[in-house]
Every structure is written in structure tokens, then in C-alpha cells.
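Worksheet: one structure, shown below.
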Amino acid sequence: MKITELFKNWPPNTIATSKWFQEMGVSRQLLYKYTWSEFIIKVANGCYKKQGEEIDWSGALYAVQKQLEHSIYPYGCTALELHGYRHHVTIQ
């Protein structure tokens, strides 16, 4: 798979996992080539980001939920903030 095709299927500011690359038809050798040429940056074991992008917690959560298929969700203050209700909570 060409890098341009891969980037079209890779949502911006998200982590991509080794599992996702495998599902996309990217071999380990090709993934190594992309990381060696710095098109893709390895951020942790089995986790990668696109060159020049900043990843925050939501980009990492995307990978866990969509690529690794784990049922993990934000809760508490974060969930309230995502739904616009954070201003109703006072932190002591």
C-alpha cells in the first residue's frame, strides 16, 4: 500500500496501531521503511503517529476503541466536559 493511500484512511491526530497497519495490508518491512524515512513516527511499542501531527488523549483513545476494539470510555469530569456540562461541577 502506498503511503498516500494509507494517510487517506488514517484519521488526523490519531494513533495508529500495528494491528491497524496489518489490517490495511502494510507489512512489517514496509512499516519499518516508513518509520525509517520518518513519514511515520513510532511513539511507543506498536503505536505510531504521522509526521508533524500532535496527538492528545482523544487520539490515543480513538486507537484503543476503534483499532484495538476495547470498550473504554471517558467518564467523570471528562465525560461531563465532552457533553458541555462541566460548568455544573465544582471541584473541591
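The values are calculated or read from the model by the stated rules, or taken from the named source; none is laboratory data. The shown structure was predicted, so the numbers you read here are calculated from the model rather than taken from an experiment. All Cβ positions, glycine included, derive from the backbone under ideal geometry; neighbour counts span all protein chains shown. Accessible surface is based on the protein model in full, side chains and every heavy atom, while ligands, DNA and RNA are left aside. Shrake-Rupley method; radii C 1.70, N 1.55, O 1.52, S 1.80 Å.
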Exercise for the section: Any chance you could count how many residues in segment 14-29 are open to solvent by less than 40 Å² (accessible area, probe 1.4 Å) and more than 19 Å from residue 64 (Cβ to Cβ)? Expected result: 1
Problem - residue 36, sole failed condition from (1) modelled with pLDDT of 95 or more; (2) open to solvent by less than 50 Å² (accessible area, probe 1.4 Å) - result: (2)
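Can you name every residue in segment 21-61 that is hydrophobic (A, V, I, L, M, F, W, C) and not in a helix (DSSP H, G or I)? Step through it out loud before you land on a result.
Filtering segment 21-61 for residues hydrophobic (A, V, I, L, M, F, W, C) gives 21, 24, 26, 30-31, 36, 39-41, 43-44, 47, 55, 57, 60-61.
Residues satisfying the conditions are 24, 26, 39, 40, 41, 43, 44, 47, 55.
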Practice task
Show the residue pairs that are 6+ apart or on different chains and have beta-carbon atoms under 8 Å apart, the first residue being within segment 49-77 and open to solvent by 100 Å² or more (accessible area, probe 1.4 Å), the second being modelled with pLDDT under 80 and of a type in the set (Gly, Ala, Ser).
Solution key: 73/79
Handout entry: Leading residue by the ranking (modelled with the lowest pLDDT) among those in segment 62-78 that are in a helix (DSSP H, G or I) and farther than 30 Å from residue 3 by Cα
Key = 78
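Quick one: is residue 81 modelled with pLDDT under 85, among the acidic types (Asp, Glu) and not in a helix (DSSP H, G or I)?
Values: modelled with pLDDT under 85: yes; among the acidic types (Asp, Glu): yes; not in a helix (DSSP H, G or I): no.
No.
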